[in-house]
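Here is the structure we will look at.
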Amino acid sequence: MSGEPGEPGKLSVAPPPGEVEPGSGVRIVVEYCEPCGFEATYLELASAVKEQYPGIEIESRLGGTGAFEIEINGQLVFSKLENGGFPYEKDLIEAIRRASNGEPLEKITNSRPPCIIL
């Protein structure tokens, strides 16, 4: 008989909530200073975020001198101009997790110092 429960290929199991495409519905905008050489940092961060949250939308914008600003769903969560460094990936991943769960976002205050090539 066709359509019997348990028939191979006919079983549909809904994935757990939030695991359809992790990060979907979350939008990140990263504004950075290209002449400062921050594009590599943006690409590295974007790659790490996409690995954890394949459904996320990431947009980059060129910013002013020294800028590396990150917004999640329109809320500024990290500012290099305020902190003087770059965000740790784990802190950004945690902020994205909170955003995807509908939790309130907090500003990321930890930062790693920018690399200085001598």
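The values are calculated or read from the model by the stated rules, or taken from the named source; none is laboratory data. Everything numeric in this text was worked out from a predicted model, so none of it was measured. Using ideal geometry, Cβ is built from the backbone for each residue, glycine included, and neighbour counts are taken over all protein chains shown. With ligands, DNA and RNA removed, areas are computed over all heavy atoms of the protein, side chains included. Shrake-Rupley method; radii C 1.70, N 1.55, O 1.52, S 1.80 Å.
Would you mind working out the accessible area per residue for the stretch 27-101, using a 1.4 Å probe, and quoting it in Å²?
Counting only protein heavy atoms, the per-residue value for the stretch 27-101 is 49 Å².
Using label points projected 7 Å from each Cα along Cα→Cβ, tell me how many nm separate Ser60 and Arg27, to one decimal.
2.0 nm
Need one number: % antiparallel among DSSP beta bridges in the stretch 27-101, to the nearest 5.
60 percent
According to a simple spin-label model (label point 7 Å from Cα along Cα-to-Cβ), what is the distance in nm between Glu106 and Glu51?
2.6 nm
Ignoring ligands, DNA and RNA, how do Lys107, Lys90 rank by accessible area with a 1.4 Å probe, largest first?
Lys90, Lys107
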